[in-house]
């Protein structure tokens, strides 16, 4: 399953809820303000590093660039573009949006 998170973890608990409920082996894509969860050295860096053992983590490159944080992404988070988003949606039989 593909999980998308579009809210900043500093604003809502969508990312934490997603990490707590997603099944092991799921793909988690951070989009829009959700990309702040992928910050290296950020408050959520430890949780995200732990999550990498259970999930494949992705972040939208255009959203990272728009927020000026494209060079501050945690190692292990795969940065993708819109075509990559389409590929993920096609590869997974279900998509769950965490709002």
Checklist outcome for this item: For residue 42, the lone unmet condition from (1) part of a helix (DSSP H, G or I); (2) surrounded by 15 or more Cβ atoms within 10 Å (Cβ to Cβ) is (1)
Checklist outcome for this item: Filtering segment 21-39 down to residues that are in a strand (DSSP E or B) and either closer than 16 Å to residue 50 by Cβ or free of Cβ contacts under 8 Å to residues at least 24 places away in the same chain (or both) yields 28, 30, 39
Next on the checklist: Would you confirm whether or not segment 52-75 contains a residue that is on the phi > 0 side of the Ramachandran plot, exposed (fewer than 15 other Cβ atoms within 10 Å of the Cβ) and either part of a helix (DSSP H, G or I) or out of contact with any helix residue (DSSP H, G or I) (no Cβ under 9 Å at 6 or more places or on another chain) (or both)?
Outcome noted: yes
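Residue under question is residue 52, and the condition is that it be within 24 Å of residue 82 (Cβ to Cβ), more than 9 Å from the chain's Cα centre (by Cα) and at pLDDT 95 or above; does it hold? Give the derivation first.
Values: within 24 Å of residue 82 (Cβ to Cβ): yes; more than 9 Å from the chain's Cα centre (by Cα): yes; at pLDDT 95 or above: yes.
When the stated conditions are applied, residue 52 passes them.
The values are calculated or read from the model by the stated rules, or taken from the named source; none is laboratory data. Just so you know, these numbers come straight off a predicted model, no measurement behind them. We place every Cβ from the backbone using ideal geometry, glycine too, and count neighbours over all the protein chains shown.
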